[in-house]
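Below is one structure, written out as structure tokens; comments come after it.
The values are calculated or read from the model by the stated rules, or taken from the named source; none is laboratory data. Here the structure is a predicted model, which is why all the values come from computation and not from measurement. Using ideal geometry, Cβ is built from the backbone for each residue, glycine included, and neighbour counts are taken over all protein chains shown.
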Amino acid sequence: MPPGAGLTMGLAAGVAAALAAAGEAFGPAPAAPPAPRWGALYLELVPGDESLATDIELVYEGYLLHYRESRAVALAADDLETRLLAGDCFYARGVRGVAARGDAAGVGLLSRLMAACSYLRAAGAPFAADDALWAYTTAGLAAQHAGDDPAEVAALFDAVEAGFAASGPDAVRAAVVAAAARLTLSDAAPLWRELDAVAGR
């Protein structure tokens, strides 16, 4: 099933509105609203929690502006200063939403994710490594809400940095797969689907 399939119209509309509001200072929103990505996975894992799913999408948009291609704002490729500023704005909005729920562990996990992605970008890792970490982190948020120890969920990021330095990109996926198997999820199938899709890229 492709990302976004089967989502409620409420999530898609909510994400589009949140992205447009965060990006309006940086340029017009696209004519076609962007499809949710990791928020869609979260909603499969935790049905009904559209608020956190939207916050995940805001953080992801911040990441896209910093390292890839924005879904929400059309900026020139060489306008690096605006891209960084916009990315920080989206990231801050998403994290603020998570913090407003009193979810300090969620804020911590997303912070570890962004730090790990920054490390992988500096190391020249393939984007598939980032995507695997995004899939894991999204599921990790669900697992923490189910009672998993936040320190154990976040331990993956230490293993990723050590493994990539020693063995390269394959070590990232191996570490993610091992850690994903330990997460407490009522239905882990959506996570494994995403990890399989990432592996095929």
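Per the conditions (1) buried (at least 20 other Cβ atoms within 10 Å of the Cβ); (2) in contact (Cβ under 8 Å) with a residue 24 or more places away in the chain, the sole criterion not satisfied by Arg83 is (2). In the range 165-182, which residues are within 21 Å of His145 (Cα to Cα) and under 17 Å from the mean Cα position of the chain (by Cα)? Once the filter is applied, which keeps residues that are within 21 Å of His145 (Cα to Cα) and under 17 Å from the mean Cα position of the chain (by Cα), the range 165-182 yields Val176, Val177, Ala179, Ala180. Taking the stated definitions as given, is Leu113 in a helix (DSSP H, G or I), surrounded by 21 or more Cβ atoms within 10 Å (Cβ to Cβ) and not aromatic (Phe, Trp, Tyr)? Criteria met by Leu113. Taking the listed residues Ala22, Ala77, Ala17, Ala29, the one that is free of Cβ contacts under 8 Å to residues at least 12 places away in the same chain, under 18 Å from Tyr91 (Cα atoms) and either in a helix (DSSP H, G or I) or not basic (Lys, Arg) (or both) is Ala17, with no other qualifying.
Among the residues in the range 39-56, are any hydrophobic (A, V, I, L, M, F, W, C), outside the structural domain of Ala155 (by TED's automatic domain parsing), surrounded by fewer than 18 Cβ atoms within 10 Å (Cβ to Cβ) and more than 25 Å from Leu120 (Cβ to Cβ)? No: the range 39-56 contains no residue that is hydrophobic (A, V, I, L, M, F, W, C), outside the structural domain of Ala155 (by TED's automatic domain parsing), surrounded by fewer than 18 Cβ atoms within 10 Å (Cβ to Cβ) and more than 25 Å from Leu120 (Cβ to Cβ). Evaluating Ala86 against the criteria (1) part of a helix (DSSP H, G or I); (2) among the small types (Gly, Ala, Ser); (3) modelled with pLDDT under 95 leaves one unmet condition, (3).
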